[in-house]
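Engineer: Take a look at the following structure, please.
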Amino acid sequence: MRLGGASERAPPFFYIIRILLMSTVKFLLAGCLGVLLAWAQVAWSLPADLVQEISTGESDDQVAAVDKLAVLDDPAVLPFLQSLLDGKVQIAGGNRVLIVKDGHAIDAITGESLSSVPEDIDEVIVNNRLRGRVETAIGALKFSSPNRAIRLAAVKTTFQSGADEKMLPLVKKALASEADPKIKKLLVLIKATIELKSPDSAVRLAAAQTLAISDSPNTKTALLDLLSKNGDEYAEPDANVRAAAQLSLNAVQTRLSIGEYIAEIFSGLSLGSILLLAALGLAITYGLMGVINMAHGELIMVGAYATYVVQNLFRVHAPDLFNWYLLAAVPVSFLTAGLVGMALERSVIRFLYGRPLETLLATWGISLILMQTVRTIFGPENVQVENPVWMSGGIELMSNLELPWNRIVIILFTATVLLVMWLLISRTRLGLYIRGVTQNRAMAGCVGVPTARVDTLAFSLGSGIAGLAGCALSQTGNVGPDLGQNYIVDSFMVVVLGGVGQIAGTVYAALGYGTVSKFIEIWYGPVLAKIAVLAFIILFIQKRPQGMFALKGRVAEN
Amino acid sequence: MSAARLYGTRGWNVIAAALFVICVLFPLSNLALPETSILHVSEYTVTLIGKIMCYAIVALAMDLIWGYTGILSLGHGLFFALGGYAMGMYLMRSIGHEGVYQSNLPDFMVFLDWKEYPWYWSFTDHFWYAALLVVMVPGLLAFVFGFFAFRSRIKGVYFAIITQALTYASMLLFFRNNTGFGGNNGFTDFKRILGYTITTPQTRMALFVISGITLIAMLLFARWIITSKFGRVLTAIRDAESRVMFCGYNTIHYKLFIWTVSAVMCGIAGALYVPQVGIINPSEMSPANSIETAIWVAVGGRGTLIGALAGAGIVNGAKSWFTVAFPNYWLFFLGSLFVLVTLFLPQGAVGLVRKIWGKRS
């Protein structure tokens with residue numbers, strides 16, 4: 001079918017971009033893992049006295065030795081300390097220090113591999129004091145790792161978990177040699193956060209000023225602590241530092257709230273794009289053809305279940321290609337829902353043209369039948385549709401702002417469907433016919449448009465788009481027999497708000513509806529947001545009964 | 001108003017017979033006859049028929065607004081539930097200290113850690129006030145909503161969708177625990193009504209008889225409306241609203257009046273329904289229920305009052321039989337009913353009977 005072909009063509013474009021990005025990330029991750037795993041291959045030689053001290057010495061000596069070891073510029077230090085922390089450092093025969101891992105032992109001083117693990121080995125006990133010291137040292141060593149990904153991860157962890165003044169020299173040292181701007185910024189923030197507690201008020205002042213560049217909730221907490229009052233006394237005695245801290249706090253809060261707003265706008269856009277997909281099909285069947293299709297929600301559900309079936313087929317017959325099942329699910333859900341829609345139109349709806357209220361009731365009946373059919377075949381419980389691996393995770397834009405991939409993909413997908421549909425309606429012969437029949441059915445028939453066939457095709461196009469909406473929805477939420485019921489009221493509201501017969505109106509209405517309800521949600525919660533939006537629409541169509549974008553003209557009622 | 005205008009002699013006889021059955025035969029066979037007797041009517045049947053009579057009142061209301069005036073409302077489930085909730089508030093307060101927590105407040109408020117009744121619960125311990133709410137809340141809501149809707153000439157499918165949205169929004173509102181109507185669970189565990197224990201056979205029978213009498217009164221009232229000049233205008237609005245307006249009628253007044261009356265009828269039905277089934281929760285407001293009301297009327301026959309009654313009886317009777325005998329097939333049946341009736345039986349069962357009758361004579 002031509003319609004199917006049109007929307008099949010589009011998706012690969014952004015899938016490819018997505019793959020490219022993902023493979024870059026994977027490459028970086030693999031590099032980082034590789035370095036960690038390759039510890040055994042590092043040219044290994046550690047100072048024997050320090051290693052002995054750590055393994056067999058008294059507590060104070062152990063700590064001193066760890067500190068000495070940590071400042072050595074030796075690649076073997078990090079794996080040794082990590083092994084110590086993991087309880088992998090063992091003593092054989094009372095004096096030989098070994099690292100035993102996965103049934104394989106190496107000498108901790110020379111790095112030489114042993115042919116077998118000796119029998120009489122004792123684990124080096126790491127007490128809490130030593131553990132803290134080792135952890136700090138590991139963190140600092142990672143700061144100077146040659147691998148950017150390791151450094152970034154280490155710096156992030158330190159920043160988020162908070163650092164104490166003991167780390168200050170390490171941080172300063174790392175800062176001096178760091179070239180990467182992102183890591184450098186984080187290091188500066190860590191340094192400033194530590195220095196907030198400095199006894200010197202000039203240092204505190206500088207630190208408080210530096211923190212203004214932060215976009216992290218941690219900084220907000222740190223600054224709030226500084227500004228807090230304990231009885232009559234401020235935590236910070238110096239008024240200048242307090243003023244600077246207040247200024248920085250304002251800057252950080254502004255940045256944080258910008259992040260929150262962007263996140264809300266984004267989730268509004270994403271809700272809007274789902275609504276848009278759900279409403280686009282309605283915009284054709286209701287808006288253009290004047291058919292109230294109460295089974296529209298169930299066509300969405302059919303699309304979601306088609307995706308589910310495709311997923312299962314891939315899992316059973318082509319597990320290697322499982323990550324790509326969505327590529328097949330998109331056309332399948334379009335065709336399945338489109339065919340169901342075509343069957344509906346041929347068997348029921350065509351007899352009810354011009355009787356909208358009867359159409360409403362009949363299609364409601366169909367929706368009940370479809371729901372019960374799905375319940376009979378797949379059972380009443382929700383079914384599991386998995387995200388492919390490449391759709392999990394997200395892009396982190398700010399410390400408090402992460403855009404999930406599945407939402408981004410859905411937004412792009414919606415945009416593509418919209419574009420294809422616009423081309424179809426405005427540039428193809430079928431689109432011309434649909435517009436002609438919409439404007440004047442009798443006249444279109446007179447000039448030779450096969451109106452009955454156009455009705456069928458337009459209706460199945462609308463249904464097919466509902467199927468696509470179902471395919472998209474299956475990636476964000478539960479798939480169950482009631483799926484469609486949740487969207488039917490919303491999508492009718494979108495069409496009504498946008499104006500009947502107006503695709504552009506539907507687009508604005510869906511995105512507006514999504515964003516506005518997300519914003520109301522921040523203050524009043526999801527239920528009241530929905531009620532408020534519905535109330536608003538009821539009031540809105542008082543003022544403009546024809547929707548936001550009414551067709552201009554003098555069309556008599558009925 | 002003369003009796004002859006409403007019904008002919010035969011019609012009045014049928015009504016008298018119905019009254020006799022409801023007020024005398026049912027109480028006798030349920031209360032006086034032993035359970036072993038063939039003529040004994042079980043508790044289950046009494047509750048079922050009582051329920052269906054409440055539904056029949058809703059069907060009448062629906063028929064007035066849809067069958068006679070041509071306005072399809074998908075909000076009648078809301079008015080029904082509002083009436084039910086108003087009665088439910090009174091019933092909840094009559095529980096007194098006998099709740100699980102032995103508190104002055106209903107259990108769900110104790111659960112929310114509320115210390116006193118919210119303002120909208122004040123006076124609901126008086127029956128007269130609850131009865132007033134039963135009429136006023138659906139009536140006022142319908143009046144205000146209808147005023148705005150009809151004023152901006154919202155009609156047809158638009159009106160149906162907007163009323164559905166209203167119902168849906170209210171359902172969400174009542175599902176919230178903090179709205180103060182028991183959230184998800186609604187009201188249940190009623191103990192007594194007007195001092196009588198609610199579960200005794202006598203109270204049940206009394207509620208049954210009251211529902212029956214109300215139903216017949218509503219039927220006569222609806223009949224009175226549609227045989228009046230006012231009713232003729234309503235039918236004219238259904239058939240050609242523009243022409244009625246050109247003739248100088250302000251159709252908004254007519255539509256607004258019948259819309260409000262219809263909502264109040266639903267509220268009363270809901271108030272009778274709740275003590276009989278013993279529960280009211282927000283799922284009564286789900287859009288599906290309102291649409292089902294439309295199918296009762298469509299099955300029986302739009303634009304005939306007797307059709308509305310028959311439709312409510314047929315569909316709900318079928319429902320109670322199906323959901324016991326073939327629970328998995330009920331929705332198939334109901335769905336096909338929607339499709340087949342709209343396609344093949346635009347006049348409903350009454351139209352079918354008339355056709356057969358007409359052919360024979």
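The values are calculated or read from the model by the stated rules, or taken from the named source; none is laboratory data. Quick caveat, the model's predicted, so the values are computed rather than measured. Here Cβ is always computed from backbone atoms with ideal geometry, including for glycine, and neighbour counts include all displayed protein chains. Ligands, DNA and RNA are excluded from the accessible area calculation, which covers all protein heavy atoms including side chains. Shrake-Rupley method; radii C 1.70, N 1.55, O 1.52, S 1.80 Å.
Engineer: With respect to A:Lys182, determine if the residue is surrounded by fewer than 17 Cβ atoms within 10 Å (Cβ to Cβ) and under 37 Å from the mean Cα position of the chain (by Cα). Walk me through it before giving the result.
Structural biologist: On the way: surrounded by fewer than 17 Cβ atoms within 10 Å (Cβ to Cβ): yes; under 37 Å from the mean Cα position of the chain (by Cα): yes.
For A:Lys182, the condition - surrounded by fewer than 17 Cβ atoms within 10 Å (Cβ to Cβ) and under 37 Å from the mean Cα position of the chain (by Cα) - is met.
Engineer: In the stretch B:184-207, what count of residues is obtained for those that are under 22 Å from the mean Cα position of the chain (by Cα) and open to solvent by less than 60 Å² (accessible area, probe 1.4 Å)?
Structural biologist: 10
Engineer: Considering each residue of the stretch B:268-318, count those that are in contact with a Pro (Cβ under 9 Å, 6 or more places away or on another chain), open to solvent by 10 Å² or more (accessible area, probe 1.4 Å) and within 11 Å of chain A (Cβ to nearest Cβ), and give that number.
Structural biologist: Within the stretch B:268-318, residues that are in contact with a Pro (Cβ under 9 Å, 6 or more places away or on another chain), open to solvent by 10 Å² or more (accessible area, probe 1.4 Å) and within 11 Å of chain A (Cβ to nearest Cβ) number 1.
Engineer: Moving to a separate point now. Checking B:Val100 against (1) touching a helix residue (DSSP H, G or I) at 6+ places or on another chain (Cβ under 7 Å); (2) modelled with pLDDT under 90; (3) surrounded by 15 or more Cβ atoms within 10 Å (Cβ to Cβ): exactly one of these is not met. Which one?
Structural biologist: In the conditions (1) touching a helix residue (DSSP H, G or I) at 6+ places or on another chain (Cβ under 7 Å); (2) modelled with pLDDT under 90; (3) surrounded by 15 or more Cβ atoms within 10 Å (Cβ to Cβ), B:Val100 misses (3) alone.
Engineer: Could you grab me the full set of residues in the stretch A:287-345 that are open to solvent by 10 Å² or more (accessible area, probe 1.4 Å) and of a type in the set (Asp, Glu)?
Structural biologist: Passing the criteria: only A:Asp320.
Engineer: Could you check the stretch B:111-149 and list, in sequence order, the residues that are within 14 Å of another protein chain (Cβ to nearest Cβ) and at pLDDT below 90? Spell out how you get there, then give the answer.
Structural biologist: Narrowing the stretch B:111-149 to residues within 14 Å of another protein chain (Cβ to nearest Cβ): B:141-142, B:144-149.
Within the stretch B:111-149, B:Phe148, B:Ala149 qualify.
Engineer: Sticking with this one: Are any residues in the stretch A:183-197 over 20 Å from A:Asn250 (Cβ atoms) and modelled with pLDDT under 80, and if so, which ones?
Structural biologist: A:Lys197
Engineer: Separate question: Please tell me if A:Val134 is closer than 30 Å to A:Ala179 by Cβ and either open to solvent by 20 Å² or more (accessible area, probe 1.4 Å) or in contact (Cβ under 8 Å) with a residue 60 or more places away in the chain (or both). Give the derivation first.
Structural biologist: Values: closer than 30 Å to A:Ala179 by Cβ: yes; either open to solvent by 20 Å² or more (accessible area, probe 1.4 Å) or in contact (Cβ under 8 Å) with a residue 60 or more places away in the chain (or both): yes.
For A:Val134, the condition - closer than 30 Å to A:Ala179 by Cβ and either open to solvent by 20 Å² or more (accessible area, probe 1.4 Å) or in contact (Cβ under 8 Å) with a residue 60 or more places away in the chain (or both) - is met.
Engineer: Okay, moving on. Do the conditions hold for B:Phe230, that is, is it among the aromatic types (Phe, Trp, Tyr), open to solvent by less than 30 Å² (accessible area, probe 1.4 Å) and assigned to a helix (DSSP H, G or I)? Walk me through it before giving the result.
Structural biologist: Numbers: among the aromatic types (Phe, Trp, Tyr): yes; open to solvent by less than 30 Å² (accessible area, probe 1.4 Å): no; assigned to a helix (DSSP H, G or I): yes.
In short, no.
Engineer: Restricting to the stretch B:302-346, and then to whatever is at pLDDT below 90 and small (Gly, Ala, Ser), can you tell me which residue is nearest to the chain's Cα centre (by Cα)?
Structural biologist: Residue satisfying both the conditions and the ranking: B:Gly303.
Engineer: If A:Ile377 satisfies every condition in (1) β-branched (Val, Ile, Thr); (2) more than 29 Å from B:Gly70 (Cα to Cα); (3) within 14 Å of chain B (Cβ to nearest Cβ); (4) open to solvent by less than 60 Å² (accessible area, probe 1.4 Å) but one, which is the exception?
Structural biologist: So the condition that A:Ile377 fails would be (4).
Engineer: Would you confirm, using the coordinates I've provided, whether A:Thr210 is surrounded by 14 or more Cβ atoms within 10 Å (Cβ to Cβ) and either of a type outside the set (A, V, I, L, M) or at positive phi (or both)?
Structural biologist: Working: surrounded by 14 or more Cβ atoms within 10 Å (Cβ to Cβ): yes; either of a type outside the set (A, V, I, L, M) or at positive phi (or both): yes.
Taking the combined requirement at face value, the residue satisfies it.
Engineer: If you go through the stretch A:541-558, how many residues are within 13 Å of chain B (Cβ to nearest Cβ) and either open to solvent by 50 Å² or more (accessible area, probe 1.4 Å) or at pLDDT 80 or above (or both)?
Structural biologist: Final tally of qualifying residues: 6.
Engineer: Determine if the stretch B:79-96 includes at least one residue that is in contact (Cβ under 8 Å) with a residue 40 or more places away in the chain, over 19 Å from the mean Cα position of the chain (by Cα), within 18 Å of B:Ala206 (Cβ to Cβ) and open to solvent by 50 Å² or more (accessible area, probe 1.4 Å).
Structural biologist: No, because not a single residue in the stretch B:79-96 is in contact (Cβ under 8 Å) with a residue 40 or more places away in the chain, over 19 Å from the mean Cα position of the chain (by Cα), within 18 Å of B:Ala206 (Cβ to Cβ) and open to solvent by 50 Å² or more (accessible area, probe 1.4 Å).
Engineer: From the list B:Val274, B:Val297, which residue is under 30 Å from A:Gly365 (Cβ atoms) and touching a strand residue (DSSP E or B) at 6+ places or on another chain (Cβ under 6 Å)?
Structural biologist: Numbers: B:Val297 fails: touching a strand residue (DSSP E or B) at 6+ places or on another chain (Cβ under 6 Å).
Of B:Val274, B:Val297, the one residue that is under 30 Å from A:Gly365 (Cβ atoms) and touching a strand residue (DSSP E or B) at 6+ places or on another chain (Cβ under 6 Å) is B:Val274.
Engineer: Taking the stretch B:323-351 as the region of interest, how many residues are touching a helix residue (DSSP H, G or I) at 6+ places or on another chain (Cβ under 9 Å), part of a helix (DSSP H, G or I), within 12 Å of chain A (Cβ to nearest Cβ) and free of Cβ contacts under 8 Å to residues at least 24 places away in the same chain?
Structural biologist: Total satisfying the criteria: 11.
Engineer: I'm checking my understanding of the structure. Among residues of the stretch A:219-236 that are surrounded by fewer than 17 Cβ atoms within 10 Å (Cβ to Cβ) and either closer than 19 Å to A:Gln160 by Cβ or touching a residue at least 24 places away in the same chain (Cβ under 8 Å) (or both), which one is farthest from the chain's Cα centre (by Cα)?
Structural biologist: Among those residues, the one meeting the criterion is A:Asp225.
Engineer: Also, I was wondering about something else. Just to check your reading of the model, which residue among A:Ile91, A:Ile99, A:Ile54 is among the β-branched types (Val, Ile, Thr) and in contact (Cβ under 8 Å) with a residue 60 or more places away in the chain?
Structural biologist: Details: A:Ile91 fails: in contact (Cβ under 8 Å) with a residue 60 or more places away in the chain; A:Ile99 fails: in contact (Cβ under 8 Å) with a residue 60 or more places away in the chain.
The match here is A:Ile54.
Engineer: Can you name the residue in the stretch A:388-414 that is within 8 Å of the chain's Cα centre (by Cα) and part of a strand (DSSP E or B) and is also surrounded by the fewest Cβ atoms within 10 Å (Cβ to Cβ) among such residues?
Structural biologist: Checked the stretch A:388-414; the qualifying residue surrounded by the fewest Cβ atoms within 10 Å (Cβ to Cβ) is A:Ile395.
Engineer: Only residues that are of a type in the set (Ser, Thr, Tyr) and under 14 Å from A:Asn218 (Cβ atoms): list them for the stretch A:173-193, please.
Structural biologist: The initial filter retains those residues of the stretch A:173-193 that are of a type in the set (Ser, Thr, Tyr), namely A:177, A:193.
Within the stretch A:173-193, A:Thr193 is the sole residue that qualifies.
Engineer: A further question on this structure: Among (1) within 14 Å of chain A (Cβ to nearest Cβ); (2) under 23 Å from B:Gly77 (Cβ atoms), there is one condition B:Arg153 misses while meeting the rest; what is its number?
Structural biologist: Here B:Arg153 clears every test but (2).
Engineer: Tell me which of these A:Gly111 doesn't satisfy, since it passes every other one: (1) part of a loop (DSSP other than H, G, I, E, B); (2) out of contact with any Phe, Trp or Tyr (no Cβ under 6 Å at 6 or more places or on another chain).
Structural biologist: If we test A:Gly111 against (1) part of a loop (DSSP other than H, G, I, E, B); (2) out of contact with any Phe, Trp or Tyr (no Cβ under 6 Å at 6 or more places or on another chain), just (2) comes out false.
Residue-by-condition table, conditions (1) assigned to a loop (DSSP other than H, G, I, E, B); (2) in contact with a strand residue (DSSP E or B) (Cβ under 7 Å, 6 or more places away or on another chain); (3) within 14 Å of another protein chain (Cβ to nearest Cβ); (4) among the β-branched types (Val, Ile, Thr):
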residue: B:Thr163; (1), (2), (3), (4): no, no, yes, yes
residue: B:Leu173; (1), (2), (3), (4): no, no, yes, no
residue: B:Met205; (1), (2), (3), (4): no, no, no, no
residue: B:Ala217; (1), (2), (3), (4): no, no, no, no
residue: B:Arg238; (1), (2), (3), (4): no, no, yes, no
residue: B:Val244; (1), (2), (3), (4): no, no, yes, yes
